[in-house]
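To keep things clear, I will list the structure first and then write my remarks on it.
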Amino acid sequence: MKQLFVVLLFTLLSIPSLFSQVIQYEIKVKYNSDASGTTANIYVSVKEGNPVFRYSLLTNDPFNGEVLETSGSVKNKSYVFRDVKPGKYFVKIEDNMGLPAGKTVVIKENETSLN
């Protein structure tokens with residue numbers, strides 16, 4: 001009986017990992033320079049993850065940062081944060097299972113894209 005309990009316990013503990021998937025993503029920054037100064041668009045593309053997604057732009061603290069913009073729940077595997085001013089930000093992506101991913105993005109002053 002004890003062995004059966006141990007087997008069941010390990011089986012139940014392994015079930016969430018069978019369904020979880022790491023979010024794989026790419027973030028690109030494209031600068032916009034005009035008479036009003038430098039801003040940038042931050043392009044987020046999810047390569048792997050469980051839709052529906054939520055994309056958020058925060059001050060540079062993934063846990064306690066202030067949310068500056070959020071997409072709400074969307075099915076799209078891509079999102080663009082437009083006209084972001086120079087500074088240090090954290091881009092956060094969450095999938096429908098609540099799995100978070102993200103990274104810090106720095107928008108520099110007086111920068112131009114080479115594209």
Practice item. Please list, ordered by first then second residue, the pairs with beta carbon atoms under 6 Å, 6 or more apart or interchain, first in segment 82-98 and at negative phi and exposed (fewer than 15 other Cβ atoms within 10 Å of the Cβ), second of a type outside the set (Lys, Arg) and in a loop (DSSP other than H, G, I, E, B). Key: Lys88/Asn60; Asn96/Asn50; Asn96/Val52; Met97/Asn50
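Would you be able to tell me the number of residues in segment 61-81 that are loosely packed, with under 13 Cβ neighbours inside 10 Å and in contact (Cβ under 8 Å) with a residue 24 or more places away in the chain?
Of the residues in that region, 2 qualify.
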Check your understanding: So which residues in segment 47-84 are part of a loop (DSSP other than H, G, I, E, B) and out of contact with any Ser or Thr (no Cβ under 6 Å at 6 or more places or on another chain), if there are any at all?
Key -> Gly49, Asn50, Pro51, Asp61, Pro62, Phe63, Asn64, Lys75, Asn76, Lys77
Practice item. Would you point out which residue out of Ser56, Ser33 is modelled with pLDDT of 65 or more and in contact with a strand residue (DSSP E or B) (Cβ under 6 Å, 6 or more places away or on another chain)? Key: Ser56
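The values are calculated or read from the model by the stated rules, or taken from the named source; none is laboratory data. Nothing here was measured: the structure is a model prediction, and the numbers come from that model. Glycine gets a Cβ as well: all are built from the backbone with ideal geometry, and neighbour counts include every protein chain shown.
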